[in-house]
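Let me begin by presenting the structure, written as structure tokens, before commenting on it.
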Ligand code: 5GP
């Protein structure tokens, strides 16, 4: 039984090339969870097989910028010349319904959420097992020139140094390990006293607590 009513907001982030998307998929493939994925909005074009409203809400730059003006994003960032953002109203509705909402976003966006909701969300940094593994992944990504790969690498290195701002660091040594650890973190966060004490007292009819110490 779940003791608290409001859902948890779980922010998965990490440098470009670390495999955030793969870890998130593995997490959602695990049995027995009730996580929901927050579908972001983007101005990039859909890739083959992507469906509007499932991977992303695909919108034009004009639409996106209008929503920025209207303050409709929990966070947003520009990444490789495209906007990406988390629609605030959908996330808020899901949290109010007690759902566990997972954001998988890049680092600038995660830091915006942290500023707004420091104590109301869990911030998990997905880290590469080594710097050379990250470089290899960035290189293996596509057919880009070495300059582009190096620029992405520089950016990833700057992002890696921001890991200290997160609540947890999960190394993506294998996708299964990383997903397992994230699930364990979510379960442990649920059992935290500050999250459960009010409902616990209600449940057991306790009106006065013993003082600590
Ligand atoms: P892709 O274009 O490969 O789907 O995503 C590019 C990057 O954008 C990934 O690092 C992904 O985590 C990030 N991203 C996806 N949605 C959002 C979002 O709503 N906000 C932010 N800040 N980043 C996002």
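The values are calculated or read from the model by the stated rules, or taken from the named source; none is laboratory data. Only a predicted model underlies this, so the values are computations on that prediction, with no experimental measurement involved. For neighbour counting, all protein chains shown are included, and Cβ atoms are generated from backbone atoms with ideal geometry for every residue, glycine included.
Selection within the stretch 53-91: residues that are assigned to a loop (DSSP other than H, G, I, E, B) and within 10 Å of the ligand (Cβ to nearest atom). The member of this set that is modelled with the highest pLDDT is 55.
Looking at 173, 120, 167, just one residue is at pLDDT below 95 and farther than 25 Å from residue 82 by Cα, and that residue is 120. Of the residues making up the stretch 120-127, not a single one is out of contact with any helix residue (DSSP H, G or I) (no Cβ under 7 Å at 6 or more places or on another chain), within 14 Å of the ligand (Cβ to nearest atom) and under 22 Å from residue 25 (Cα atoms). Can you spot a residue in the stretch 28-40 that is in contact with a strand residue (DSSP E or B) (Cβ under 8 Å, 6 or more places away or on another chain), part of a loop (DSSP other than H, G, I, E, B) and either farther than 28 Å from residue 177 by Cβ or without any contact (Cβ under 8 Å) to a residue 24 or more places away in the chain (or both)? No, that holds for no residue.
Taken together, 24, 44 contain a single residue that is in contact with a strand residue (DSSP E or B) (Cβ under 8 Å, 6 or more places away or on another chain) and buried (at least 19 other Cβ atoms within 10 Å of the Cβ), which is 24. Screening residue 94 with (1) over 22 Å from residue 166 (Cα atoms); (2) in contact with a strand residue (DSSP E or B) (Cβ under 7 Å, 6 or more places away or on another chain); (3) within 14 Å of the ligand (Cβ to nearest atom) gives one miss only, at (3). Take residue 75 and decide whether it is free of Cβ contacts under 8 Å to residues at least 60 places away in the same chain and surrounded by fewer than 16 Cβ atoms within 10 Å (Cβ to Cβ). No, not satisfied. Residues in the stretch 97-112 that are in a helix (DSSP H, G or I) and either away from the ligand (no atom under 11 Å from the Cβ) or touching a helix residue (DSSP H, G or I) at 6+ places or on another chain (Cβ under 9 Å) (or both): 107, 108, 110, 111.
The criterion of being buried (at least 16 other Cβ atoms within 10 Å of the Cβ) and either at positive phi or over 16 Å from the mean Cα position of the chain (by Cα) (or both) holds for residue 83.
Of the residues in the stretch 37-52, none is away from the ligand (no atom under 11 Å from the Cβ) and under 19 Å from the mean Cα position of the chain (by Cα). Out of curiosity, is residue 7 in contact (Cβ under 8 Å) with a residue 40 or more places away in the chain and either crowded, with 18+ Cβ neighbours inside 10 Å or touching a helix residue (DSSP H, G or I) at 6+ places or on another chain (Cβ under 7 Å) (or both)? So residue 7 passes the test. Restricting attention to the stretch 20-68, the residues that are closer than 20 Å to residue 78 by Cα and touching a helix residue (DSSP H, G or I) at 6+ places or on another chain (Cβ under 7 Å) add up to 3.
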